[in-house]
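What follows is a single structure, written as structure tokens, with notes after it.
The values are calculated or read from the model by the stated rules, or taken from the named source; none is laboratory data. These numbers come from a predicted model, not from an experiment. Because the Cβ atoms are built from the backbone with ideal geometry, glycine has one as well, and the counts that use them run over all protein chains shown.
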Amino acid sequence: MTVTAGLDLGSLTTKAVVIRDGVIAGSVVMKSGVQSEDIAWRALKAALDQAGIGEEQVDGIVATGYGRVRVPFAHHKVTEITCHARGIYHLWPEVATVIDIGGQDSKVILLDRGGKVRDFVMNEKCAAGTGRFLEVMARSLEVNVEEMGELSLAAPRGASISSMCTVFAESEVVSLVAEGRPVAEIIRGLHEAVAQRVAAMASRVGWEEPVAMTGGVAKNRGVVKSLEDNLGTAIRVPPDPQIIGALGAALLAADSKK
Amino acid sequence: MDIYQLIRFHLAGPLRRRAFKSPWAYRLLKQLVAAQKKRYSWQAAYELLLNTIDQVAAAYLQQGPVVWHNVFFPTEILYGLGLVPFAPEAAAAVAVGLGVAEEAFRVAEGDWVSGESCSFHRLAYGCDRAGYLPPPGAVVCSSHLCDAAPQSLAAAAGYHHVPFYLLDVPHRQDAAAINYVARQLKSITFSLADALGVPWDQERFQEALLASNTAREHLLAVNRLRRQRPACIRGDEAHGFIYLMLAGFGSEAAAAVYRQLAAELEQRWREQRRAVPEERARLLWLHLRPYYPTEIFNLLEQEAGAVVVFEEMHHVYWEPLDPARPFYSLAGKVLSHHGLGCMSRRIEAILAMVDAYQVDGVIHFAHWGCRQSTAGLRLLQDALRDREIPFLNLEGDCVDKSKYAPGATRTRLEGFLEMLRAV
Amino acid sequence: MGALIGWFCHYTPVEIITALGFIPYRLLGREGNTPRADTYLVGNLCPYVKSCLETAIRQELPPLAGTVIARSCNAMIHLASTWPRYGGQGATLVLDVPRRLDEEAVLYYSQNLRRLAGELAWLGERQLEDSLLWQAIDAWEEQRSYWRGLLAARARGEICLSGSDVMAWLDGWQTCATAAGRDKGQAGSAAIEQQSRPDFRGRPRLMLAGSILPAELPALIEEWGGWSVFEDACNGRRFLLAEVARETGDPYLHLARLYLGGPPCPRMVADQTRRQQYWAGVVDDYQIDGVIYHVMKFCDAAIYDFRAMKDFCDRRGLPLLRLDGDYTGGARGQWQTRVEAFLEMF
């Protein structure tokens, strides 16, 4: 029996996945605190408890995400790029492109037939297209970020948001509210703007079908829908898109044991 | 507010400004550097530093007419006239290390030079207005490769009420273009001599061209040595010599430094002294790098064994100069730059470097606000993809450290390294 | 009926295009953001250039036999590399434009223009004879002089024309797909001259300056209580050039002098004194009360040109407002507060 764990320390949430012989035995998602070392340990413990596995039985741990460098007990540190690729390859080996929209960064990853990273591209400094952008906009609109997906799907059309600079876009959103545009339409407009940005990144890297999406924003059906419209293809979203990075990390830990 | 902070606040600026104008400061600095000669792993770097201090001193102590120039202007002309060249863009890179950057950025921003523009020029602008730079007697600038340099230098000339000479560089390389550039170079040369009251000395002018040719020969030797496996110099160490490409051609010092560097490289190659214990990958570096401490090179070279074996900025793109036809051959040099004209020209040059230096991957440092190097990258990316050469566009800022995001940089670099290993 | 040739920068000599039997069609981009162009050009590059590329990728342009791209600034240089590969239809012809005005520059530019004429002729059916080119030069000068006269009359208060109308006609004139359309545009504007227009007299007389002007800006400024009496932009007054003495002999030399000697774009970096003199002339002739400067995001020339304008306005005691824009039509909300507050100062 091989037991390995993957920890994904993102800017907003920390994810832990424990796998036993290639099957997920436990997984948790927690809010990231300031003390990432502590949160990493707590997340790992929680996932192990869920799986009913003791610490001493763990054969390998891989840490990923922004906080990966601050996990002293991890055996390896791997970037989220390789981890998301590995996680998706495990679920759907035929997937050629992974889109991951996280809190800080969004990325488009191209996989080769063996699930290895062939190329990747990440968001530009000035561009909005991240979870953080949506969060800032949700605050301007006084809605809960989790509700945005459902709200936007109810809108018949999207308000046009032209600027993609966070500051410009925020002022545009405020103007739209002042003009009396329904909030749902504004949110749909924001989703379309994010989707356009990410679709542009995907084109830069030369995306191919099939496409899968991971990361917290993948839970927002509004963004996924807009992205599908922009790319003109269906996008696969795993049941728990947030944990794919951690899953990939756990799988990489297992790979290194072979 | 703390009284000591207040004192420092009021005194630090004027003190530093005064220090630049004191011959003692330079003598002291040189002594400090000389005392540590043994600690320089490359004697060429030690010589480069001493020469640079001399050059900076000459400008601040006004040992001759000071002429500001951008880094693409053919400096052979300035050395050939016996002037003191001073490059504000290079000064900006130095200012980062002297702790005046924050103040300078604030000055520039307060003067409407907004954050969207190139920070080299914003920083130089701020340093100048804050009184940190040696006032020019004249300003020269070429229009290649970027738009910010001519704008910013023209503004500086206006501010100091000194003449501004633009070298307008077209993108074609035909006879008409060479004639146009050569005639401008000639006119700028004699206008400078006239405006600054320096006598025309043909012999001195030709010597500058010969010195430029000698430096070119030694740099070519350096580059040949860098093609070999394993690499004997880390990119981190080699990068500093780019300074000469930007401000040194035409001086005897540049030739001497490159000669020294070639000799040291040759020796290390014979002794098989490797740049890193295990060379796992060879990288080509495009554009410049941050001039404040970052972990970029440490992570690549020391941690991962991915050595930067060549920099695009060290590429010798021009033919030797002909001292008998100085302006015509300098025009040829200017127009030979691979960054001019259609992007396909730069791509061709980069692909040739990929082959010559046997690189496994290419990193472009996308300096925020630099349009010339960054805007057309998609074409380069496509060309490298066709050749299956991994490419990373690493975004950041060469001189504004507030724009540096360590976590994001590490993720991108490590992701790139993982991809390299997978290839 | 000739085929269309696209062009961007106002230093492009439309006379050559017309003389060869083509119809010059100016590319002015589109409203909205530019997700497809963002694929090929980086985020922090001129939004106008990206907007034009976007129209091409989306196939929103009329069929073009070719496009002339003047490599006049860094963004245009990159467009020239990107256009043929990712966007443009037909041939792409590039034109180098000097950044200075002197005899060397005029001579070199004239050589480039002659080359361009040769390349364009190759696309069409006829060689360009000098006599045909002179005819086109005269025809264009006639039209420009008409427009210049109209704008001068507006400034003197002899006729009431809004800045938004002027911009709309100029846009229409530059993008008119047919010569007949152009005549109609001219006739239309002449007819409108006779009608009574909204009277802006008594309002602050403003000069709009800076990067290529978003078409909606003059209208918005007038909506908010200002009066745009002079538009110093490459799609405004600058495009109408200035009268020059007719040369005899080489029409290309004449064109080079005409274009390089016209009201200077901020890109003419060796020519900044002339730019300041030009502003001074405008302020005096048109009794300008204040200046609104539009800085296109990521336009290096405009960033530094604004600095120069600031010094100029300080010296002349003129109020100055800077507006940042990204050419997407989305900055209205931001602009409104700034413009209204600015107008309250008068």
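In the range B:392-418, of all residues being without any contact (Cβ under 8 Å) to a residue 40 or more places away in the chain and within 7 Å of another protein chain (Cβ to nearest Cβ), the one that is farthest from the chain's Cα centre (by Cα) corresponds to B:418. If you go through the range C:9-19 and keep only what is more than 15 Å from residue C:93 (Cα to Cα) and aliphatic (A, V, I, L, M), you end up with just C:19.
Answer yes or no: is there a residue in the range C:324-335 that is modelled with pLDDT under 90 and of a type in the set (A, V, I, L, M, F, W, C). Among the residues of the range C:324-335, at least one is modelled with pLDDT under 90 and of a type in the set (A, V, I, L, M, F, W, C), which makes the answer yes. Criterion applied to C:263, C:204, C:214 was being on the phi < 0 side of the Ramachandran plot, in the same structural domain as residue C:169 (by TED's automatic domain parsing) and crowded, with 23+ Cβ neighbours inside 10 Å, and the one residue passing it is C:214.
What pairs can you find where one residue is in the range B:137-158 and in contact (Cβ under 8 Å) with a residue 40 or more places away in the chain and at the interface with chain C (Cβ under 8 Å from one of its Cβ atoms), the other is outside any strand (DSSP E or B) and among the acidic types (Asp, Glu), and their Cβ atoms are less than 8 Å apart, with a gap of 6+ or different chains? So the pair list comes out as B:146/C:300; B:147/C:300; B:148/C:300. For the range C:101-126, a residue qualifies if it is facing chain B (nearest Cβ under 8 Å), among the polar types (S, T, N, Q) and farther than 26 Å from residue B:346 by Cα, but none of them does.
Okay, residues lined up against (1) buried (at least 18 other Cβ atoms within 10 Å of the Cβ); (2) more than 14 Å from chain A (Cβ to nearest Cβ); (3) of a type in the set (S, T, N, Q):
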{"site": "C:275", "(1), (2), (3)": "yes, yes, no"}
{"site": "C:280", "(1), (2), (3)": "no, yes, no"}
{"site": "C:284", "(1), (2), (3)": "no, yes, no"}
{"site": "C:293", "(1), (2), (3)": "yes, yes, no"}
{"site": "C:308", "(1), (2), (3)": "yes, yes, no"}
{"site": "C:338", "(1), (2), (3)": "no, no, no"}
{"site": "C:345", "(1), (2), (3)": "no, yes, no"}
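For the structure I just gave you, tell me whether residue A:113 is outside any strand (DSSP E or B), more than 15 Å from residue A:244 (Cβ to Cβ), within 14 Å of chain B (Cβ to nearest Cβ) and of a type in the set (D, E, K, R). For residue A:113, the condition - outside any strand (DSSP E or B), more than 15 Å from residue A:244 (Cβ to Cβ), within 14 Å of chain B (Cβ to nearest Cβ) and of a type in the set (D, E, K, R) - is met.
Candidates are the residues of the range C:28-82 that are under 18 Å from residue B:148 (Cβ atoms), of a type outside the set (A, V, I, L, M, F, W, C) and free of Cβ contacts under 8 Å to residues at least 60 places away in the same chain; the one that is surrounded by the fewest Cβ atoms within 10 Å (Cβ to Cβ) is C:43.
Scanning the range C:67-105 for residues that are at negative phi and of a type in the set (Gly, Ala, Ser) gives C:70, C:72, C:75, C:80, C:81, C:87, C:88, C:91, C:105. Within the range B:304-351, being surrounded by fewer than 19 Cβ atoms within 10 Å (Cβ to Cβ) and among the polar types (S, T, N, Q) holds for B:336, B:344. Filtered by the rule that a residue be in contact (Cβ under 8 Å) with a residue 60 or more places away in the chain and within 30 Å of residue C:35 (Cα to Cα), the range C:308-330 gives C:323, C:325, C:326, C:327, C:328, C:329, C:330.
Residue-level check: of (1) out of contact with any Gly (no Cβ under 9 Å at 6 or more places or on another chain); (2) small (Gly, Ala, Ser); (3) surrounded by fewer than 17 Cβ atoms within 10 Å (Cβ to Cβ), residue C:242 misses just (1). Number of residues in the range B:366-391 that are more than 9 Å from chain C (Cβ to nearest Cβ) and either surrounded by fewer than 22 Cβ atoms within 10 Å (Cβ to Cβ) or in a helix (DSSP H, G or I) (or both): the value is 10. Considering only residues in the range A:225-245 that are within 14 Å of chain C (Cβ to nearest Cβ) and of a type in the set (Gly, Ala, Ser), the one that is nearest to residue A:146 (Cα to Cα) turns out to be A:226.
Looking only at residues of the range B:159-209 that are without any contact (Cβ under 8 Å) to a residue 40 or more places away in the chain and of a type in the set (D, E, K, R), we find that the one that is nearest to the other protein chains (Cβ to nearest Cβ) is B:168.
Residues are listed down the side, and each one gets a yes or a no for (1) touching a residue at least 60 places away in the same chain (Cβ under 8 Å); (2) assigned to a helix (DSSP H, G or I):
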{"site": "A:175", "(1), (2)": "no, yes"}
{"site": "A:184", "(1), (2)": "no, yes"}
{"site": "A:194", "(1), (2)": "yes, yes"}
{"site": "A:198", "(1), (2)": "yes, yes"}
{"site": "A:207", "(1), (2)": "yes, no"}
{"site": "A:212", "(1), (2)": "yes, no"}
{"site": "A:230", "(1), (2)": "no, yes"}
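Here is the figure for the range A:186-224: residues that are within 14 Å of chain C (Cβ to nearest Cβ) and among the polar types (S, T, N, Q) total 2. In the set A:171, A:160, only one residue is at the interface with chain C (Cβ under 9 Å from one of its Cβ atoms), in a helix (DSSP H, G or I), among the small types (Gly, Ala, Ser) and more than 17 Å from the chain's Cα centre (by Cα); that residue is A:171.
When the test is whether a residue is surrounded by fewer than 20 Cβ atoms within 10 Å (Cβ to Cβ), within 15 Å of the chain's Cα centre (by Cα) and of a type in the set (D, E, K, R), residue B:237 passes it. For the range A:107-139, a tally of residues being under 18 Å from residue B:413 (Cβ atoms) and hydroxyl-bearing (Ser, Thr, Tyr) returns 0. Among the residues making up the range A:1-34, those that are at pLDDT below 90 and under 18 Å from residue A:103 (Cβ atoms) are A:10, A:11, A:12, A:13, A:31, A:32, A:33, A:34. Here residue B:321 clears all of (1) within 22 Å of the chain's Cα centre (by Cα); (2) within 14 Å of another protein chain (Cβ to nearest Cβ) except the condition numbered (2). Checked against the criterion of being of a type outside the set (S, T, N, Q), farther than 19 Å from residue B:413 by Cβ and surrounded by 24 or more Cβ atoms within 10 Å (Cβ to Cβ), the candidates A:39, A:101 yield just one match: A:101. The lone criterion from (1) within 14 Å of chain A (Cβ to nearest Cβ); (2) in contact with a Lys or Arg (Cβ under 9 Å, 6 or more places away or on another chain) left unmet by residue C:334 is number (2). Scan the range B:277-299 for residues that are buried (at least 18 other Cβ atoms within 10 Å of the Cβ) and either part of a loop (DSSP other than H, G, I, E, B) or hydroxyl-bearing (Ser, Thr, Tyr) (or both) and the total you get is 5.
In the set (1) over 30 Å from residue A:207 (Cα atoms); (2) surrounded by 18 or more Cβ atoms within 10 Å (Cβ to Cβ); (3) in contact (Cβ under 8 Å) with a residue 60 or more places away in the chain, the condition left unmet by residue A:58 is number (3).
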